[in-house]
Each structure stands twice: as structure tokens, then as C-alpha cells.
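Just so you know, all these numbers are worked out from the coordinates, no wet-lab data involved. The shown structure was predicted, so the numbers you read here are calculated from the model rather than taken from an experiment. Because the Cβ atoms are built from the backbone with ideal geometry, glycine has one as well, and the counts that use them run over all protein chains shown.
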Amino acid sequence: KTYTIHSNGMKIKNYGDFYKLINDKRMKSLLNIVTHSTIEKDLLEKEFSTYDDKRPEAVEIIFEFEKAAYEKHPELKELLTPERKFDFRALLEELQAKSDLSQIDARYLSQIRNAFNHSAYPRNLKITSNIPEIAQEMVNIFRITDPYKKGKK
């Protein structure tokens, strides 16, 4: 599929900014989510800016999710040993086994975590928002899906 990035009145001296934008590591994964073949440059820049702003928030809520899981199930701390690297997938599988998390919710949490940790957008996640609100929706989905968020059991 071919995509067009549209910009009104762009000056030649700003073509370097355009080149930087289209070569952003996140571009390929973002285009898999976008439903339009023409994208406004300003909206694309705003999306990437929002993503950058939301990344620390995403890392924080992911950390809080992991912390709450270990507080609720202290026996899961055996997954954390000096010999073994932390494995988020293993944690999610254990939480599914304990019926704290559905398979679909685990997939959402995993995809959003991996996306923010690897400077990308989720590959197989249904995002209903469009540019420039995709990164915000990713954070919202994680918050909604988190079984340990405040107010949930």
C-alpha cells in the first residue's frame, strides 16, 4: 500500500524535517494501524510527539501493574531470580492461570508494553482512534485492561 504525507506550504529548507519524520522507526508500525492513505504531516508530528510524551506514563503504569501483580501473588517472585531475566510473558501466563487475566487482556497488555518498550506501535491490536490520538488510546487500553488498577479487585 502507498501512503502520502501531505503538508501545505512546506519550504525547501524544512525538507530535512520531513526526511527525519518518514524515517522514524515508529513509522512502519504506525502505518499498519492507519486507515487513510493520505496523512497530514502536522498530525503525524503531533502523534509522534504525543507518543514521546506518553511513553514515561506508559512505563509507569506498566511498572505499577507488575508491582501489583507481585503484591497480590508473592509466590510469583520466584519468576525473578538473578539467573533469569524478567519475562513479562511468563508473568502474564501465570496471571492467566490464576484467572486474574483473560487471554485477550494479556495480549493487549503485552502488545502495548512491547510497543512502548521497542519504539513501535502494536502490530495486532485493534485501535479505533486515528492520528494524532493513537498513543493516548494505547495508554487508555492498558489502564482499562489492568486488573489491578485502583477500584478493581
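How far is it, in nm, from the label point at PHE63 to the one at GLU133 when both lie 7 Å from their Cα along the line to the Cβ?
2.9 nm
Give the calculated FRET efficiency between SER99 and LYS1 to the nearest 0.05, with a Förster radius of 35 Å applied to their Cβ-Cβ distance.
0.30
Between Rg and the Kirkwood Rh of the chain, both from Cα atoms, what is the Rg to Rh ratio?
Details: Rg = 18.3 Å, Rh = 17.2 Å.
Dividing the radius of gyration by the Kirkwood radius yields 1.07.
Quick one: length gained pulling TYR70 to SER49 fully straight, 0.36 nm per residue minus the C-alpha distance?
Stretched fully, the TYR70-SER49 segment lengthens by 4.3 nm.
How many nm is it between the label spots at HIS36 and LYS126, if each spot is 7 Å from the Cα in line with the beta carbon?
The answer from the label model is 2.3 nm.
Tell me, what ³J(HN,Hα) does each residue in the range 10-20 have, in order and in whole Hz, if you take phi through Karplus 6.51 cos²θ - 1.76 cosθ + 1.60 with θ = phi - 60° and put x for Gly and Pro?
So the Karplus estimates, Gly and Pro as x, are 6, 8, 4, 5, 9, 5, x, 5, 5, 4, 4 Hz.
Helix-only estimate, please: 222 nm mean residue ellipticity of the chain, summing -39500 (n - 2.57) across DSSP H runs of length 4 or more and dividing by its residues, to the nearest 500. All intermediate terms of the calculation are to be shown ahead of the outcome.
Details: 6 runs with 82 residues, N = 153.
Counting only the DSSP helices, I get -17000 deg cm²/dmol.
So, how do all the Cα-to-Cα distances of the range 1-64 break down into 5 Å bins, in percent, from 0 on up?
Here the calculated profile for the range 1-64 is 4, 14, 24, 23, 15, 10, 6, 3, 1, 0.
So which aspartates and glutamates can LYS13 reach, going by Cα to Cα under 20 Å and dropping same-chain residues fewer than 8 places off?
Partners found: ASP24, GLU40, ASP42, GLU45.
Which of the lysines could be linked to LYS72 by a straight reach, that is with a Cα gap under 22 Å, when you skip same-chain ones fewer than 8 residues away?
LYS85, LYS98, LYS149, LYS150, LYS152, LYS153
Out of the chymotrypsin sites (Phe, Trp or Tyr not before Pro) in the range 83-112, which ones are loop residues according to DSSP with at most 10 other C-beta atoms within 10 Å?
PHE86
Put +1 on the Cβ of every Lys and Arg and -1 on every Asp and Glu Cβ in the chain; which of ILE33, LEU76, PRO122 then has its Cα farthest towards the positive end of the dipole?
In the chain, that residue is ILE33.
Given Cα pairs under 8 Å that are at least 6 residues apart, what percent is the relative contact order of the chain?
Here the relative contact order equals 32 percent.
Out of residues 5 or more away from ILE5 or on other chains, whose amide H comes under 5 Å of its own, with H placed 1.01 Å from N in the peptide plane?
So ILE5 has HN proximity to ILE39.
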